[in-house]
Amino acid sequence: MGVFWPNQQGRGTHVNISGAAVIKSAKHPEAALKLLEFLVNAESQAWYAKTNGEYPVRDDVPPGELLASWGEFKKDGLNLGQLGRFNPEAVRIMDRAGWK
Amino acid sequence: MMTATTVLSRPSINLWGIGAGVLAVVLALPVLVVAGYLFEPSGEVWRHLVETTLKDYVVNSLLLMLGVACGVLCLGVSTAWLTSMCEFPGRGVFEWALLLPMAIPAYIIAYTYTGLFDFAGPMQSWFRGVTGLGYGDYWFPEIRSLGGAVLMLTLVLYPYVYLLARAAFLNQSLCVLDVSRTLGNGPWRSFFKVALPMARPAIVAGLSLALMETLADYGTVQYFGVSTFTTGIFRTWYGLDNAAAAAQLSAVLLLFVFTLVLMEKGSRRRARYHHTTQRHQGLDRFRLSRGQAWGAWMICGGTLFFGFLLPSGQLLTWALTTAEERLDGQFLELILNSLLLAGVAALLALMLALFFGYARRLQGGWLVASAVRIASMGYAIPGTVIAIGVMIPFAALDNQMDEWMRAQFGWSSGLLLSGTLVALLFAYLVRFLAVSLQTVEAGLGKIRPSMDEVARSLGSGPREILRRVHVPMLKGSLLTALLLVFVDVLKELPATLILRPFNFNTLSVRAYELASDERLADAAYAALSIVAVGILPLILLSRSITRSRHAKST
């Protein structure tokens, strides 16, 4: 058993994210923005890396010990904003291919 | 006297009819909203579905129903007959214990069986350890399959048939069975020739409830990767982003439901069953020989083991390993929230069911009949579809109200309906009224019309007859209705997930959240609580059925 990074010769391994956003009708957009900024500052990201084992979103924060031991890999640079847009088409392709 | 009776009865009869009609329209609102999407053009997506996945949805849904129907009939009727009419060691325990699987949500039993029987589970690991075989060297039944889904649903849904069949067997006038015996019929012949045909309305009612649950199930088939209508609707709505096509799939699903409802009514229409006497003697159960008793014990014990003991034992094991970190103040709040929701919903559903059932008895016209039919359609509609059907009109109403309040008083009323428990309770009523209604109707059907006629001739109005004659006679059925809805609401997941107010969590939602993170062991704690809370009323229920039988016999 080992870690396998798919697509290293091609576009790179797909990366999923834990994201946060502020909705248009938010009552306190400034406060929300401050929270987001707090969540992505170096200290918080280091805490996340240590506590729940996710890759930090900042390049200047190193991942946790275990993840670091798996080494570097090529990441897919796809803009995640596109996922929602292309999802229906992807589902159709899956349907046609018989994927369940 | 004569004029007084006429004056008293006429207007109230009309009131029953009109009330039933209006209530049915309100209850049908979510379905109508969803059905309204039928007229949105979605031809291209529909064509895509027909070309690719629709056949799977239809075939799998049908096979699932067929399998579950066979399963629940075999388990439900046989255990009901054995525990009510035969005497064997342990019968008194099985009598109530056989209801226990009902407290386990189908998706939870699916998680536990997957945990037990998949490749890395204890069963296969043990097998590999003993035989020394490795992956791919041996055949083992795949639990995550259509057959597995049939098994899971059968194990938790058979109590619907058991419960109603048992009530019917116990309520059968023993004189009929005695006559059958004096005419030379043995236990088997008495069962097939007399008891079973007489219990048929109750058995078919239980079967149709179980099949409606099957059609509405999402958690189990989704987890097992079996494509049915419900997973198809989710996939079309959230995956293909096409509400219109999802609503069209729902409409096809509605055809299935409608067929079931017609089947159930049709089974009852051909004959009416009234017992000629309400006098019962003490039950003289069939004495079983040693071999027969062993067989009876195996049937009841096996059902109980696989339907309850095994899965809840696994849950308990998981829960014990996580108890320390899961037991906190939040947990108490989860329990209180769940009890509150389930209790209020069950009570409201019972009141509505009594109203509909009685309106129908008073007024057999097409208006009331179709009102009742419409009101009981919600049961087979997936909770998600109902939730969205509730959300759309309620949110629109809330926004209009809010706008008006702001314009008039400069004050925002917020989300009065869609942001509170009102929306959720309404969705529960739409979804679970059929459970109450079928039980109440089956109970009312067993009371001879001559009882009403006697009471009427003695000068009682319809409401007084309901209060003083029917409700006391129906006590068993009413309790059954109350508790069936209570447990169903406790287990309900998708509608709760979508419609709950912010920061309002229930046990089922918490169990789902943890399980969908693959934290099965952590989810076990909330799941086990659902089971535990669901068990107590089931015991009471079983007791009351037996007691009402005893009360009659003395």
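Hey, among the residues in region A:62-74 that are within 15 Å of the chain's Cα centre (by Cα) and among the hydrophobic types (A, V, I, L, M, F, W, C), which one's farthest from A:Gln9 (Cα to Cα)? The qualifying residue farthest from A:Gln9 (Cα to Cα) is A:Leu67. Can you find a residue in region A:6-28 that is at pLDDT 90 or above and assigned to a helix (DSSP H, G or I)? No, region A:6-28 contains no residue that is at pLDDT 90 or above and assigned to a helix (DSSP H, G or I).
May I ask you to list the residues in region B:289-333 that are assigned to a helix (DSSP H, G or I) and of a type in the set (Gly, Ala, Ser)? Of everything in region B:289-333, those that are assigned to a helix (DSSP H, G or I) and of a type in the set (Gly, Ala, Ser) turn out to be B:Gly291, B:Ala293, B:Gly295, B:Ala296, B:Gly301, B:Gly302, B:Gly307, B:Ser312, B:Gly313, B:Ala319, B:Ala323, B:Gly329. Checked against (1) modelled with pLDDT of 85 or more; (2) under 24 Å from the mean Cα position of the chain (by Cα); (3) farther than 30 Å from B:Ile388 by Cα, B:Trp96 passes all but condition (1). Just a yes or no: is a residue in region B:183-203 out of contact with any Cys (no Cβ under 6 Å at 6 or more places or on another chain), within 24 Å of B:Thr384 (Cα to Cα), of a type outside the set (Phe, Trp, Tyr) and crowded, with 20+ Cβ neighbours inside 10 Å? No, region B:183-203 has no match at all. For region B:14-50, filtering for residues that are in contact with a helix residue (DSSP H, G or I) (Cβ under 8 Å, 6 or more places away or on another chain) and within 13 Å of chain A (Cβ to nearest Cβ) leaves 5.
All told, B:Val344 falls short of being hydrophobic (A, V, I, L, M, F, W, C), surrounded by fewer than 18 Cβ atoms within 10 Å (Cβ to Cβ) and closer than 16 Å to B:Val26 by Cβ.
Taken over region B:186-200, the criterion of being over 11 Å from B:Met85 (Cα atoms) and of a type in the set (A, V, I, L, M) is satisfied by B:Val194, B:Leu196, B:Met198, B:Ala199.
Tell me the residue from A:Glu37, A:Glu54 that is away from chain B (no Cβ under 14 Å), acidic (Asp, Glu) and either touching a residue at least 12 places away in the same chain (Cβ under 8 Å) or part of a helix (DSSP H, G or I) (or both), please. Walk me through how you get there before you give the answer.
On the way: A:Glu54 fails: away from chain B (no Cβ under 14 Å).
One residue alone meets the criteria, A:Glu37.
If A:Asn87 passes every condition in (1) within 14 Å of chain B (Cβ to nearest Cβ); (2) under 16 Å from the mean Cα position of the chain (by Cα); (3) closer than 30 Å to B:Ala245 by Cα; (4) not small (Gly, Ala, Ser) but one, which one does it miss? It fails just one condition, (2).
Among A:Leu67, A:Leu80, which is surrounded by 10 or more Cβ atoms within 10 Å (Cβ to Cβ), of a type in the set (A, V, I, L, M) and in a loop (DSSP other than H, G, I, E, B)? First the steps, then the outcome.
On the way: A:Leu67 fails: in a loop (DSSP other than H, G, I, E, B).
Going through A:Leu67, A:Leu80 in turn, the sole match is A:Leu80.
Within region B:422-462, if we keep just the residues that are in contact with a Leu (Cβ under 7 Å, 6 or more places away or on another chain) and more than 25 Å from B:Ala205 (Cα to Cα), the residue that is surrounded by the fewest Cβ atoms within 10 Å (Cβ to Cβ) turns out to be B:Gly461.
For region B:218-270, which positions are within 14 Å of chain A (Cβ to nearest Cβ), free of Cβ contacts under 8 Å to residues at least 24 places away in the same chain and not in a helix (DSSP H, G or I)? If the condition is that a residue be within 14 Å of chain A (Cβ to nearest Cβ), free of Cβ contacts under 8 Å to residues at least 24 places away in the same chain and not in a helix (DSSP H, G or I), then B:Asp241 is the only one that fits. The residues of region B:433-488 that are outside any loop (DSSP other than H, G, I, E, B), free of Cβ contacts under 8 Å to residues at least 24 places away in the same chain and polar (S, T, N, Q), listed by number, are B:Ser450, B:Ser457.
The values are calculated or read from the model by the stated rules, or taken from the named source; none is laboratory data. Values in this document were obtained by computation on a predicted structure and should not be read as measured data. Here Cβ is always computed from backbone atoms with ideal geometry, including for glycine, and neighbour counts include all displayed protein chains.
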